[in-house]
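A.B. asks: Provided herewith is a single structure, encoded as structure tokens, for subsequent inquiry.
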Amino acid sequence: MCGVAVALCVFRPIHTGPLTRIVALVAAAVPLTWSAERQVQFRLWTDALPLMLGMTVWRHLDPLPSAVKWLLELLLLVVTLIILAVVVTLLYELVLRPIFALFEAENRLRQRVRDHRAERIMERVLAARRAHEPLPCYSLYLRPFRTSGQLDQYSVAPDVAMANQHQGTSIQIDLEATLAAAFPAHRPLIAAGRHGVLLSTMPKAYWAWPIRRTWDVPGTGKFRCRESNWRMTVTQLARNAESVIIVPLNYKGTKWEITWMVRQGLLHKCIFIMPTSPYGGVNHRNRWNEARRFLRSLGLVAPEYDDRGAILTVGPDGVTMVSCSSPLTLLLPRSLSFLIDFTLLRRQEREPLPRVGGGTGPRPEPTRTRKASLERKRARKKRKARATHGRGRSRRKPRGR
């Protein structure tokens, strides 16, 4: 597990690209190039300079009366804090912000490449439907558009801290960036959306000054689809995808997509994501409970909501959703633990599941809305059958006498 974590941090990082990692490695290696004598001198200067300044100030203030000395010490402390704040602000504005801008420019280029690849995959899949060409390898990500920027995770703080509702110091990142990092470039994760849109990350801590915003990160590759043909595009892509990742929250488009997957018998491809509710972020408990009732009407049993989130697949019975999260990742940041669990799960081959309700388990009672819909369909079929029978009788020629 530790080896997988290290490999994912090195080869598939969420926040940075290859250029960013090279710059970070060079910056970290600069002190290693110094000689031993220079390193010792630098350490002595950094440790001894504050002590020397403090002793000098104390020597000048010691002869003064106590009341005056306390006032001067308080004034000196305030001036020191102001100078420190100015220095930190200048350091952030002149050094860190240009570095963050460089990182974000590289991530924008990475997102553009992913979008171009996703657009080509969509075109090839739709063209292969007519020309019978070989299909590319990819996975499809289905999520409600209204949840963009609301599926937050912690990418620095350990999962135990989030489970105990301790915020600490962390960086909040969108779930989509974590999922996209689990897929290699030759078998990417794609989704419907606008091109060139990055996912925002922001520090989450008791004291986030002066870094109130870090650099944005790329998400899944996006392909364009219109309102008139999105169902046809999504169904064709889902039918030919290696896996389909779904965030099953209670939204109209997502419910239609899940219903279609169930009716087509494609649940063995589906990986369901229970979104996390980090401390101070958006809470998805109510939406998940509504989605559980909807999934129950389709014959699927989803677990209770957990603030830590989970990765779910449909069990061998074709009815119950089971968690695939590893308990060993509780001490890791949530985004990294999701990345590890999801990467290991994606490599497992799953057998096709029986259709829900086909003798695999107890079929749930239809809801009142479902009963009314079935009754309307039966009445419509009866009226259509009577009309067809009546037209046939009217067209029948009378027999000759």
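A.B. asks: Looking at this structure, is Leu75 more than 30 Å from Val217 (Cβ to Cβ) and in contact with a helix residue (DSSP H, G or I) (Cβ under 6 Å, 6 or more places away or on another chain)? So that I can check it myself, show each step before the final result.
C.D. replies: On the way: more than 30 Å from Val217 (Cβ to Cβ): yes; in contact with a helix residue (DSSP H, G or I) (Cβ under 6 Å, 6 or more places away or on another chain): no.
Judged against the criteria, Leu75 is not a match.
A.B. asks: If you don't mind, there's one more thing I want to ask. Name the single residue, out of those in the range 283-307 being buried (at least 17 other Cβ atoms within 10 Å of the Cβ) and basic (Lys, Arg), that is farthest from Glu176 (Cα to Cα).
C.D. replies: Top of the filtered list is Arg292.
A.B. asks: Restricting the range 285-308 to residues that are touching a residue at least 60 places away in the same chain (Cβ under 8 Å) and within 17 Å of the chain's Cα centre (by Cα), which is nearest to Ser323 (Cα to Cα)?
C.D. replies: Among them, the one singled out is Arg308.
A.B. asks: Here is a further query. Is it the case that the range 71-86 has a residue that's farther than 17 Å from Ile211 by Cα and acidic (Asp, Glu)?
C.D. replies: The answer is yes, given that some residue of the range 71-86 is farther than 17 Å from Ile211 by Cα and acidic (Asp, Glu).
A.B. asks: Would it be correct to say that Ile245 is in contact (Cβ under 8 Å) with a residue 40 or more places away in the chain, aliphatic (A, V, I, L, M), touching a Gly at 6+ places or on another chain (Cβ under 9 Å) and not in a loop (DSSP other than H, G, I, E, B)? It would help to see each step written out before you state the result.
C.D. replies: Working: in contact (Cβ under 8 Å) with a residue 40 or more places away in the chain: yes; aliphatic (A, V, I, L, M): yes; touching a Gly at 6+ places or on another chain (Cβ under 9 Å): no; not in a loop (DSSP other than H, G, I, E, B): yes.
When the stated conditions are applied, Ile245 does not pass them.
A.B. asks: Next up: Return yes when Val160 is among the aliphatic types (A, V, I, L, M), more than 18 Å from the chain's Cα centre (by Cα) and modelled with pLDDT of 70 or more and no when it is not. Can you show your working first?
C.D. replies: Numbers: among the aliphatic types (A, V, I, L, M): yes; more than 18 Å from the chain's Cα centre (by Cα): yes; modelled with pLDDT of 70 or more: no.
Against the criterion (among the aliphatic types (A, V, I, L, M), more than 18 Å from the chain's Cα centre (by Cα) and modelled with pLDDT of 70 or more), Val160 does not qualify.
A.B. asks: Of the residues that make up the range 130-142, is at least one within 15 Å of Leu199 (Cβ to Cβ), among the hydrophobic types (A, V, I, L, M, F, W, C) and modelled with pLDDT of 65 or more?
C.D. replies: Initial filter on the range 130-142 (within 15 Å of Leu199 (Cβ to Cβ)): 141.
Then drop every residue that is not among the hydrophobic types (A, V, I, L, M, F, W, C), which leaves none.
Among the residues of the range 130-142, not one is within 15 Å of Leu199 (Cβ to Cβ), among the hydrophobic types (A, V, I, L, M, F, W, C) and modelled with pLDDT of 65 or more, which makes the answer no.
A.B. asks: Give the residue that is surrounded by the fewest Cβ atoms within 10 Å (Cβ to Cβ), with candidates limited to residues of the range 210-239 that are at pLDDT 90 or above and touching a Pro at 6+ places or on another chain (Cβ under 9 Å).
C.D. replies: Only one residue tops the list, namely Thr220.
A.B. asks: Considering only the range 269-282, state which residues are surrounded by 16 or more Cβ atoms within 10 Å (Cβ to Cβ) and not in a strand (DSSP E or B). It would help to see each step written out before you state the result.
C.D. replies: Filtering the range 269-282 for residues surrounded by 16 or more Cβ atoms within 10 Å (Cβ to Cβ) gives 269-279, 281.
Passing the criteria: Lys269, Pro275, Thr276, Ser277, Pro278, Tyr279, Gly281.
A.B. asks: State yes or no: is Leu91 assigned to a helix (DSSP H, G or I), surrounded by 10 or more Cβ atoms within 10 Å (Cβ to Cβ) and either in contact with a Lys or Arg (Cβ under 6 Å, 6 or more places away or on another chain) or modelled with pLDDT of 75 or more (or both)?
C.D. replies: Numbers: assigned to a helix (DSSP H, G or I): yes; surrounded by 10 or more Cβ atoms within 10 Å (Cβ to Cβ): yes; either in contact with a Lys or Arg (Cβ under 6 Å, 6 or more places away or on another chain) or modelled with pLDDT of 75 or more (or both): yes.
Judged against the criteria, Leu91 is a match.
A.B. asks: Something else now. Within 16 Å of Thr201 (Cβ to Cβ) and surrounded by 11 or more Cβ atoms within 10 Å (Cβ to Cβ): is that true of Ala118 in this structure?
C.D. replies: In short, no.
A.B. asks: Of the conditions (1) over 30 Å from Thr201 (Cα atoms); (2) assigned to a helix (DSSP H, G or I), Pro63 clears all except one; give me its number.
C.D. replies: Pro63 satisfies all of (1) over 30 Å from Thr201 (Cα atoms); (2) assigned to a helix (DSSP H, G or I) except (2).
A.B. asks: Exactly one condition in (1) surrounded by 13 or more Cβ atoms within 10 Å (Cβ to Cβ); (2) modelled with pLDDT of 70 or more; (3) under 21 Å from Thr178 (Cα atoms) is false for Pro18; which is it?
C.D. replies: Tallying (1) surrounded by 13 or more Cβ atoms within 10 Å (Cβ to Cβ); (2) modelled with pLDDT of 70 or more; (3) under 21 Å from Thr178 (Cα atoms), Pro18 fails exactly one: (1).
A.B. asks: Take the range 245-261 and flag every residue that is β-branched (Val, Ile, Thr) and surrounded by 20 or more Cβ atoms within 10 Å (Cβ to Cβ). Reasoning before the result, please.
C.D. replies: First pass over the range 245-261, keeping only residues β-branched (Val, Ile, Thr): 245-247, 254, 258-259.
Listed by number, the residues that qualify are Ile245, Ile246, Val247, Thr254, Ile258.
A.B. asks: What residue, of Met52, Met122, is part of a helix (DSSP H, G or I) and over 25 Å from the mean Cα position of the chain (by Cα)?
C.D. replies: Values: Met122 fails: over 25 Å from the mean Cα position of the chain (by Cα).
Unique residue meeting the criteria: Met52.
The values are calculated or read from the model by the stated rules, or taken from the named source; none is laboratory data. Only a predicted model underlies this, so the values are computations on that prediction, with no experimental measurement involved. Here Cβ is always computed from backbone atoms with ideal geometry, including for glycine, and neighbour counts include all displayed protein chains.
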